[in-house]
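Written below as structure tokens is the structure these notes are about.
The values are calculated or read from the model by the stated rules, or taken from the named source; none is laboratory data. Keep in mind that what you see is a predicted model, and the values were worked out from it rather than measured. Every residue, glycine as well, gets a Cβ built from its backbone with ideal geometry; the counts of neighbours run over all protein chains shown. Calculation scope for accessible area: heavy atoms of the full protein, side chains included, ligands and nucleic acids excluded. Shrake-Rupley method; radii C 1.70, N 1.55, O 1.52, S 1.80 Å.
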Amino acid sequence: MKDNNDELVARFLQSRCKEIEDNGFSERVIRNLPERRLDISRILNFICFAICAFLFIKFDGFIIIFEFVSELFAAKSHILSQDINYNSLFIAFGVLLCIGIERICSLKW
């Protein structure tokens, strides 16, 4: 039954598929696409990338990013260490412990 339905759908789609008559216009348009400009664009993109990479390395971009991330991490960890609510931490630990025990007990041995 399913094969018959697939066959009917395929025949229906084939009957609805109409090809557009072409008098050569599409070939002329495709032939005249600006592919040469694309090559120049790729060359300019590569040159810009090379200049940016050189400047990034020259001005120690890796060190600047590393220092920024480490300072950000240190500041956030310092703020979090000051705002610790031990009651909430104890409750969260208890909930996680209960969930873990429940998962372990639900395993079929």
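By how many nm would the segment from CYS98 to LEU44 lengthen if fully extended, with 0.36 nm per residue of separation less the alpha-carbon distance? Fully extending the segment from CYS98 to LEU44 adds 13.4 nm. Shape analysis of the stretch 41-85 yields a ratio of the Cα radius of gyration to the Kirkwood radius, Rg/Rh, of 1.38. A DSSP coil position with no more than 15 other Cβ atoms inside 10 Å describes the following trypsin sites (Lys or Arg not before Pro) in the stretch 74-108: LYS108. A 1.4 Å probe, protein heavy atoms only, puts the accessible area of VAL95 near 80 Å². Couplings 3J(HN,Hα) for the stretch 39-48, derived from phi with the Karplus relation 6.51 cos²θ - 1.76 cosθ + 1.60 (θ = phi - 60°), are 5, 5, 4, 5, 5, 5, 4, 5, 5, 4 Hz, where x marks Gly and Pro. With the biggest extent put first, the Cα atoms of the stretch 57-109 measure 60, 32, 6 Å across the principal axes.
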